[in-house]
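Enquirer: Sharing a structure here in structure tokens format.
The values are calculated or read from the model by the stated rules, or taken from the named source; none is laboratory data. As the structure is a computational prediction, the values presented were derived from the model and not from experiment. Here Cβ is always computed from backbone atoms with ideal geometry, including for glycine, and neighbour counts include all displayed protein chains.
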Amino acid sequence: MFDHVTLGREFFERLTAIDAAIAARVAAAACPECGGPLHAGNFRRKPRGGLLGVAGEACTLRFSLCCGREGCRRRSTPPSVRFLGRRVYVGAVVILASVVAMACATAAAVRRATGIPPRTARRWAHWWCDTFPGTPVFAAISARLVPAIAREQLPVSLLERLPGAPEARIPGLLAWLAPLTTTSTPDGSRFVRGLM
């Protein structure tokens, strides 16, 4: 189903626009610590795309905000649909490579198909099946989806539940995962709602 998904420049431009809209919403909400104004404090990333998302390597700016009130200066990094936490690879590649790795029979096949080292793909598989199900984000997603999600088939079992073509499902899943991408913005999901 996801064999021929292309993550091109337009795909990542759309994700960048969504991240910019999320950052604008967070900035309008003011500093969660003191209520002061939030100003741009973006920082550079060096993302990787593997063979699946080479265009994602151009997404070098991570939107972030900093409180403008003297004495606070607290950083407030908005949720992101481009970056999946601190991972080096862009979020869409983490999802798509995890799906492809599930279909590949050998570690060499994973490397040929994705450009991702097999050890990294195994680490992601562990995260999907063991770590992610213990998060509040997974609990919130599970509460919305009936019947229950097949944990051993993550992220495929989530992607299959989303509507649309395979290329359209990946941004939807990234939006669900966006609250996991930051710890400095409380209740990050409220800033993502309605943007997809």
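Enquirer: Are there helices (runs of 4 or more DSSP H) fully within the stretch 1-117 with at least 3 residues that are in contact with a Lys or Arg (Cβ under 9 Å, 6 or more places away or on another chain)? List them.
Expert: Output list reads 9-29, 91-103.
Enquirer: Do the conditions hold for Cys31, that is, is it of a type in the set (A, V, I, L, M, F, W, C), surrounded by 14 or more Cβ atoms within 10 Å (Cβ to Cβ) and farther than 25 Å from Trp176 by Cβ?
Expert: yes
Enquirer: When only residues in the stretch 102-126 that are out of contact with any helix residue (DSSP H, G or I) (no Cβ under 8 Å at 6 or more places or on another chain) and of a type in the set (A, V, I, L, M) count, which is nearest to Arg48 (Cα to Cα)?
Expert: Within the stretch 102-126, the match that is nearest to Arg48 (Cα to Cα) is Ala109.
Enquirer: For the structure I just gave you, tell me whether Ala23 is of a type in the set (Gly, Ala, Ser) and either surrounded by 12 or more Cβ atoms within 10 Å (Cβ to Cβ) or touching a Phe, Trp or Tyr at 6+ places or on another chain (Cβ under 8 Å) (or both).
Expert: Yes: the conditions hold for Ala23.
Enquirer: Count, please, the residues in the stretch 33-55 that happen to be of a type in the set (D, E, K, R), more than 22 Å from Asp187 (Cβ to Cβ) and touching a residue at least 40 places away in the same chain (Cβ under 8 Å). Lay out the reasoning, then the answer.
Expert: At the first step, the residues of the stretch 33-55 found to be of a type in the set (D, E, K, R) are 33, 44-46, 48.
Then drop every residue that is not more than 22 Å from Asp187 (Cβ to Cβ), which leaves 44-46, 48.
Checking which are touching a residue at least 40 places away in the same chain (Cβ under 8 Å) leaves us with 46, 48.
Count: 2.
Enquirer: Give the stretch 81-134 a look and list any residue that's in contact (Cβ under 8 Å) with a residue 40 or more places away in the chain and among the basic types (Lys, Arg), or say none.
Expert: Hit for the stretch 81-134 is Arg82, nothing else.
Enquirer: Before we move on, is Pro163 farther than 30 Å from Arg44 by Cβ, more than 14 Å from the chain's Cα centre (by Cα) and modelled with pLDDT of 95 or more?
Expert: In short, no.
Enquirer: So, one more: Looking only at residues that are assigned to a loop (DSSP other than H, G, I, E, B) and β-branched (Val, Ile, Thr) in the stretch 118-169, which one is surrounded by the most Cβ atoms within 10 Å (Cβ to Cβ)?
Expert: Ile149
Enquirer: Under the condition of being out of contact with any Ser or Thr (no Cβ under 6 Å at 6 or more places or on another chain) and surrounded by fewer than 16 Cβ atoms within 10 Å (Cβ to Cβ), which residue from the stretch 75-91 is modelled with the lowest pLDDT?
Expert: Arg86
Enquirer: From the list Ala58, Ala20, Ala24, Ala30, exactly one residue is out of contact with any His (no Cβ under 9 Å at 6 or more places or on another chain), without any contact (Cβ under 8 Å) to a residue 12 or more places away in the chain and within 23 Å of Met196 (Cβ to Cβ). Which is it?
Expert: Details: Ala58 fails: without any contact (Cβ under 8 Å) to a residue 12 or more places away in the chain; Ala20 fails: without any contact (Cβ under 8 Å) to a residue 12 or more places away in the chain; Ala30 fails: within 23 Å of Met196 (Cβ to Cβ).
On inspection, the qualifying residue turns out to be Ala24.
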